[in-house]
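Enquirer: Once you've had a glance at the structure underneath, I'll fire off some questions.
The values are calculated or read from the model by the stated rules, or taken from the named source; none is laboratory data. Just so it is clear, the model here is predicted, and its values are computed rather than measured. Here the Cβ positions follow ideal geometry from the backbone for every residue, glycine too, while neighbour counts run over all protein chains shown.
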Amino acid sequence: MFNFSGKIKESLTRTRNSFFGQIAGLFGATQITDELWDDLEALLIQADVGVDTTTKLVERVRERVKQEGFTETAQAEAILKDEMKALLDGYEPSEVDKKRILTVILVVGVNGSGKTTTIAKLANYYQKQGKKVVLAAADTFRAAAIDQLKIWGDRAGVAVIAHQPNADPGAVVFDAIKSALARKADMVIIDTAGRLHTKFNLMKELEKLKEIARKQVHAAPHETLLILDATTGQNALSQAKHFKNSVNTSGVILTKLDGTAKGGMVFAIGKELGVPVRFVGTGEKIDDLMPFDPDAFVEGLFEN
């Protein structure tokens with residue numbers, strides 16, 4: 001498995017030095033008190049875990065502590081970590097690694113979330129896994145998005161299929177899949193428009209792109225990945241709910257994890273959305289995208 005622990009720990013520095021550092025400090029005392037649970041709940045909410053997820057998490061930890069007759073804070077901390085990992089586990093593995101003629105990944109998200117650069121990082125990641133990747137520049141509403149994807153595609157060493165600005169995104173997807181099949185590529189990753197999630201026509205267009213992909217490749221898209229900016233906290237969660245309801249996202253890529261003190265939203269995604277975090281962005285470089293590892297993430301929140 002990819003050696004994730006060191007990089008995730010480094011990317012969580014801000015989060016660990018803020019709310020989760022304070023949470024770790026709660027367990028520095030010897031004996032469990034009623035105040036521990038109140039303080040833990042308050043800090044988890046401040047860390048963007050979300051009220052609903054926090055309430056259920058603390059209830060579960062308290063219940064287990066009582067059942068097992070624990071009285072020391074170190075024991076409670078171990079159970080907290082265990083329950084946090086449980087929130088992030090148990091999802092179906094990605095469809096991407098299944099053998100097929102061509103794997104199609106549709107990438108969605110609002111503007112400013114880091115979508116286009118993350119697509120290039122994703123292409124770079126899969127190329128290093130030995131896959132031949134083609135990118136589709138289907139965000140045709142922003143000329144800058146097409147240019148940006150071409151630049152990043154060059155850096156990653158992957159082909160980018162693009163039309164002129166304001167062209168039909170569906171035609172770009174159609175041509176990209178045809179090109180990928182002709183090149184005997186393993187994977188197509190599709191960039192899409194990222195206008196505000198409140199605009200109904202964007203969701204209708206994403207559905208159209210999914211249908212075009214489905215007509216060309218059986219069961220495509222095989223993953224629909226939502227890009228979320230970790231620094232936007234609970235606002236990102238509301239975006240995620242909207243996209244999940246509209247285009248049935250199968251996973252999340254969390255960007256800018258290294259830039260936030262509120263890494264707790266990862267738990268809210270797991271509990272409230274019921275979709276896995278597939279990757280996390282840990283910096284600005286093309287290699288700064290890591291497959292998500294729940295154990296390494298939780299341990300990274302608490303380690304000094």
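Enquirer: So which pairs qualify, if the first residue must be in segment 185-200 and over 15 Å from Ile119 (Cβ atoms) and of a type in the set (A, V, I, L, M), the second must be at pLDDT below 95 and not in a loop (DSSP other than H, G, I, E, B), the Cβ gap must be under 9 Å, and the two must be at least 6 apart or on different chains?
Expert: Pairs that qualify, where the first residue is over 15 Å from Ile119 (Cβ atoms) and of a type in the set (A, V, I, L, M) and the partner is at pLDDT below 95 and not in a loop (DSSP other than H, G, I, E, B), are Leu196/Leu202.
Enquirer: Which one is surrounded by the most Cβ atoms within 10 Å (Cβ to Cβ) among residues in segment 102-117 that are modelled with pLDDT of 95 or more and either polar (S, T, N, Q) or assigned to a loop (DSSP other than H, G, I, E, B) (or both)?
Expert: By that ranking, first place goes to Thr103.
Enquirer: Let me ask you something else. Which residues, taken from segment 131-166, are outside any loop (DSSP other than H, G, I, E, B), closer than 18 Å to Gly194 by Cα and out of contact with any helix residue (DSSP H, G or I) (no Cβ under 7 Å at 6 or more places or on another chain)?
Expert: Listed by number, the residues that qualify are Ala143, Ala144, Ile146, Asp147, Lys150.
Enquirer: For segment 230-258, enumerate the residues that are closer than 25 Å to Leu43 by Cβ, modelled with pLDDT of 80 or more, in contact with a Ser or Thr (Cβ under 9 Å, 6 or more places away or on another chain) and outside any loop (DSSP other than H, G, I, E, B).
Expert: Within segment 230-258, Ala230, Thr231, Thr232, Ala240, Thr255, Leu257, Asp258 qualify.
Enquirer: Note down all Cβ pairs under 6 Å where the first residue falls in segment 18-38 and is touching a residue at least 12 places away in the same chain (Cβ under 8 Å), the second is aromatic (Phe, Trp, Tyr), and they're at least six residues apart or on different chains.
Expert: Every condition considered, the pairs that remain are Ala24/Phe302.
Enquirer: Is it fair to say Ala182 is of a type in the set (A, V, I, L, M, F, W, C), surrounded by fewer than 14 Cβ atoms within 10 Å (Cβ to Cβ), at pLDDT 90 or above and closer than 25 Å to Glu95 by Cβ?
Expert: Criteria met by Ala182.
Enquirer: Those residues that are over 20 Å from Ala240 (Cα atoms) and among the acidic types (Asp, Glu), I need them from segment 259-292; list them, please.
Expert: Glu284, Asp287, Asp288 - these are the residues of segment 259-292 that are over 20 Å from Ala240 (Cα atoms) and among the acidic types (Asp, Glu).
Enquirer: Out of the residues in segment 14-29 that are exposed (fewer than 13 other Cβ atoms within 10 Å of the Cβ) and modelled with pLDDT under 85, state the one that is nearest to Glu284 (Cα to Cα).
Expert: Our first condition is that a residue be exposed (fewer than 13 other Cβ atoms within 10 Å of the Cβ); within segment 14-29, this holds for 17, 25, 28.
Applying the additional criterion that residues be modelled with pLDDT under 85 yields 17, 28.
Details: Asn17: 21, Gly28: 35 Å.
Here the answer is Asn17.
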